[in-house]
Amino acid sequence: MEIKVVNRDGVTLVALLGNLDGNTAPEVQEKLEPLVEAKCCLILDLIKCGYVSSAGLRVLLMLAKHLTAQEGRLALIGVCPEIKDVMEMTGFINFFELHDTIEEVLKTK
């Protein structure tokens with residue numbers, strides 16, 4: 001798993017490259033938790049993330065809850081159909097804001 005963090009237009013963009021599973025979820029959680037700040041906008045780019053396991057979904061849900069508690073925002077972009085299907089089946093889709101591009105997220109800011 002490669003994690004790239006970039007600050008752009010007042011938001012933090014995090015690109016996850018590789019699978020988000022039981023092996024990589026702890027690393028992702030460790031690197032993303034410090035990015036959660038009051039009223040911040042965190043965008044997770046999953047374009048190059050082809051698989052998210054239940055452990056990965058837990059990390060995403062935890063981030064969403066922490067951001068909501070701090071009046072922040074979590075948006076996911078580039079979610080592939082397979083991951084979106086799993087999110088729909090598990091009901092996790094209701095906890096996330098999904099967009100196709102960064103520009104879409106910034107428009108709804």
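The values are calculated or read from the model by the stated rules, or taken from the named source; none is laboratory data. Remember, predicted model here, so these are calculated numbers, not experimental data. Ligands, DNA and RNA are excluded from the accessible area calculation, which covers all protein heavy atoms including side chains. Shrake-Rupley method; radii C 1.70, N 1.55, O 1.52, S 1.80 Å.
Please list 3J(HN,Hα) in residue order for the range 8-15, calculated via the Karplus relation 6.51 cos²θ - 1.76 cosθ + 1.60 where θ = phi - 60°; whole Hz, with x for glycine and proline.
Computed from phi, the couplings for the range 8-15 are 8, 6, x, 10, 9, 9, 10, 9 Hz.
How much area per residue is accessible in the chain when the probe is 1.4 Å and only protein heavy atoms are counted (Å²)?
For the chain, the solvent-accessible area averages 55 Å² per residue.
Carbon-plus-sulfur fraction of the accessible area of the chain, 1.4 Å probe, in percent?
The C+S portion of the solvent-accessible surface of the chain is 50 percent.
I'd like the accessible area for R58, computed on protein heavy atoms only with a 1.4 Å probe and all protein chains in place. Round to 10 Å², please.
Around 140 Å² of this residue is reachable by solvent.
Cα-based Rg of the range 51-109 per 2.2 N^0.38 Å, rounded to two decimals?
Rg over 2.2 N^0.38 Å, computed on Cα atoms: 1.11.
Please report the orientation-averaged projected area of the range 1-93, defined via the convex hull of its C-alpha atoms, in nm².
For the range 1-93, the mean projected area of the Cα convex hull comes to 5.3 nm².
Report the Cα centroid-to-centroid distance between the range 45-82 and the range 1-27 in angstrom, as an integer.
Cα centroid to Cα centroid, the span is 10 Å.
What is the pair-distance distribution P(r) of the range 24-69, computed from all Cα-Cα distances in 5 Å bins starting at 0, with each bin given as a whole percent?
Taking all Cα pairs of the range 24-69, the binned fractions are 5, 21, 32, 27, 13, 3 percent.
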